[in-house]
Protein chains: 2
Amino acid sequence: MLEFTIGKTDPSGARAGRVCVRGHTFDTPAFMPVATQATVKALTQAELIGLGAQIVLGNAYHLYLRPGIGLIQQMGGLAAFMNWPGATLTDSGGYQVFSLAPLIEVSEEGVSFRSHIDGSEHLLTPESAIQIQHVIGADIIMAFDEPVGYPADRARTLEATERSDRWAARCIEAHQKGAGGTLLPNPNIQALFGIVQGGFEPDLREASARRLTELPFDGYAVGGLSVGEPKEQTFGLLAHTTLLLPADRPRYLMGVGTPADIVRGVLCGVDMFDCVLPTRVGRNGTAYSKTGKINLKNAQYQDDPRPLDPDCDCEVCATYSRAYLRHIYKAGEILAARCVSYHNLYLYLRLMERIRKAIYEQRYQEFADEFLLSS
Amino acid sequence: MLEFTIGKTDPSGARAGRVCVRGHTFDTPAFMPVATQATVKALTQAELIGLGAQIVLGNAYHLYLRPGIGLIQQMGGLAAFMNWPGATLTDSGGYQVFSLAPLIEVSEEGVSFRSHIDGSEHLLTPESAIQIQHVIGADIIMAFDEPVGYPADRARTLEATERSDRWAARCIEAHQKGAGGTLLPNPNIQALFGIVQGGFEPDLREASARRLTELPFDGYAVGGLSVGEPKEQTFGLLAHTTLLLPADRPRYLMGVGTPADIVRGVLCGVDMFDCVLPTRVGRNGTAYSKTGKINLKNAQYQDDPRPLDPDCDCEVCATYSRAYLRHIYKAGEILAARCVSYHNLYLYLRLMERIRKAIYEQRYQEFADEFLLSS
């Protein structure tokens, strides 16, 4: 099971600590690089270790469809399959079913959908989503939920949220059954997190948080935020929600976000983050830097001999000029995707170190104010 | 200028030695990874160094069109632009103009063509091809020639070969003029290689070799082979041609080939090779191994826990299974292209080491026989 030790809580509410799960440890606040298909796009596992990543996130929806969970089980589970020595987490697939799969039908039972790869028909239920994640075998697995998009009307949000919360109870039951029965191939029990939904309605968020915290989840995620709503709404709802979550369990803000979003999320007491941004924008030629974004498509970088970020000491910034990276980006070369993704993840993971240090030194509010002013 | 020291000549005719040019050294027989657009596809320069690459090949045609030679000059030349500490060679663009560019018109003056990128009109002449390569600034540059494809009729081959040889003399003149005049931005003089053509006609190959060896080239390439003709013809013509080339200059077989081709080329006294195969087939999911090719598309590798090549000690083979690599290849992930390209180049560069060792130990014929039997 999961052990969460809070080393220090800052006066701002930010906390720094450590999660230990099935022999794997990661420091919080943590950023989890996203390995949707069992690979963090463009990087090797050795590079991720070198970058300081301690946990990566896989996606049960993608892995279930390809390569299939039988193969992953045969190869010893996700971490062994991808040869990743650190901690792992899988998202249940709720978000992906609703955002990627065509022909969705939702019932109390679950969600029937077609694969976005080959059109084959599938049914995901809370029980099967948990069973799939048991077989994939990540250290932390997620409840199966139904997020709502933005905007969403109140009736639709209410229906989806209440159903998600009923599904959460079924996930707990399936997980407990699996842990004691034959479904679970792992010698150590996986941790299961619940996901608070509630769309953009503070009282529905509150009700969802209340129902979920009555269930014995090992941690609590906040889902359905940062899907297009204004930032002020995101962080207003986040602060409102995290206050209702037990202080002694990790809090995970799903799919968020930019460096500034992470700094603000930590202020709301969040311990874990994941986001495709550093690798996705990296593949598209955009680098984060201490002073803003560098979009290599811009002609101004054509003959710029400086590194992506003059303040960065990563290998890419020590090696290549903006002019060179712009050239290989425009030429469609893989090295461009590699370099900018690497740099961006380096920046994210160094940011997490600075965040943790500021919390341990009890000066997180000051750190955050300064960071948000300059970004 | 270029210094070529032959350390040992094997009874078979294979030779091992060292080329030193403008302070850069590489051991021969050498394999030059191809960095068409100033990047060896999918790999970093640091990885190439780690793999033992000592010289890489850029392409004047591609670099002239994108990013343009003005930028490369401004950035200090090709090696500085791509931050490559080893030796560099550029192909003149002759082959690429004829194979990639639409709307070609050939005259005695040169070749007019449209860019395959944006359709813009350009004229390449022997003089401009040399000038472009002066500005790009590789250590070794190539004469501008007109290859013929396969099959090619004798009249067409005769015309193209005689013109190529007249162009070769103009290249020498342009190079000498550049070296003494204002065209050459490099403090040390670049080496210039001639390219023997002659299609598939032994007497035309002979005539071309004779004309070119009367010119003071620093080395001699054999061009226009391995373009679709049967292998026996390739190596028959190659052996015929290399015999006519001066023993004290490096011999370079352009664009060849598979590991077996390289082993056979060395038997014909070739010192330098380049080929896109290891990275191109790598991106397409095919790995070379000591016992043949592994095509990750094949279903037989679906649950194969072994490394790409069980006899290989590269980082990829130490880390990932065929099953994993097949999954990420099928999922379209960049890591697959990286891993298989890396492994293939590792295999090529280890092969070159084994070739050199066998020559130094005067047992190259035995090595080649054994290699060709098992491949």
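The selection criterion, being open to solvent by 20 Å² or more (accessible area, probe 1.4 Å), among the aromatic types (Phe, Trp, Tyr) and modelled with pLDDT of 95 or more, holds for B:Tyr329.
Of all the criteria given as (1) among the aliphatic types (A, V, I, L, M); (2) touching a His at 6+ places or on another chain (Cβ under 9 Å); (3) surrounded by fewer than 24 Cβ atoms within 10 Å (Cβ to Cβ), the one not satisfied by B:Ile141 is (3). Just one of (1) modelled with pLDDT under 95; (2) more than 30 Å from B:Leu244 (Cβ to Cβ) fails for B:Gly50. It is (1).
From the list B:Val263, B:Val270, B:Val281, the lone residue that is in a loop (DSSP other than H, G, I, E, B), at pLDDT 95 or above and more than 14 Å from chain A (Cβ to nearest Cβ) is B:Val270. Just one of the listed residues (A:Ala169, A:Ala247) is within 18 Å of A:Ala129 (Cβ to Cβ), aliphatic (A, V, I, L, M) and more than 18 Å from the chain's Cα centre (by Cα), namely A:Ala169. Residue selection: B:Lys290 satisfies the criterion of being more than 11 Å from every other protein chain (Cβ to nearest Cβ) and at pLDDT below 95. Every test in (1) touching a strand residue (DSSP E or B) at 6+ places or on another chain (Cβ under 7 Å); (2) modelled with pLDDT of 95 or more; (3) of a type in the set (A, V, I, L, M) is passed by A:Val97 save one, and that test is (2).
Please note which helices (runs of 4 or more DSSP H) are completely contained in the stretch A:303-375 and include at least 1 residues that are within 28 Å of the chain's Cα centre (by Cα) and more than 14 Å from chain B (Cβ to nearest Cβ).
Counting at least 1 such residues, we get A:334-360, A:364-374.
Per the conditions (1) within 14 Å of chain A (Cβ to nearest Cβ); (2) open to solvent by less than 20 Å² (accessible area, probe 1.4 Å); (3) among the polar types (S, T, N, Q); (4) closer than 19 Å to B:Leu192 by Cα, the sole criterion not satisfied by B:Thr36 is (2). Any residue in the stretch A:346-369 that is open to solvent by less than 20 Å² (accessible area, probe 1.4 Å) and closer than 19 Å to B:Met75 by Cβ? No, that holds for no residue. Residue count for the stretch B:184-213 under the criterion of being closer than 19 Å to B:Phe4 by Cβ and part of a loop (DSSP other than H, G, I, E, B): the result is 3. Going by the structure shown, is A:Ile141 farther than 30 Å from B:Ala318 by Cα, among the aliphatic types (A, V, I, L, M) and touching a strand residue (DSSP E or B) at 6+ places or on another chain (Cβ under 9 Å)? So A:Ile141 does not fit the description; no. For the stretch A:76-93, the candidate set comprises residues that are surrounded by 22 or more Cβ atoms within 10 Å (Cβ to Cβ) and over 19 Å from A:Leu192 (Cβ atoms); within that set, the residue that is farthest from the other protein chains (Cβ to nearest Cβ) is A:Trp84.
The values are calculated or read from the model by the stated rules, or taken from the named source; none is laboratory data. Predicted, not measured: the structure shown is a model, and the values here were computed from it. Don't worry about glycine lacking a Cβ; one is built from the backbone with ideal geometry, like all the others, and counts go over all protein chains shown. Surface areas here come from the heavy atoms of the whole protein model, side chains and all, with no ligands, DNA or RNA. Shrake-Rupley method; radii C 1.70, N 1.55, O 1.52, S 1.80 Å.
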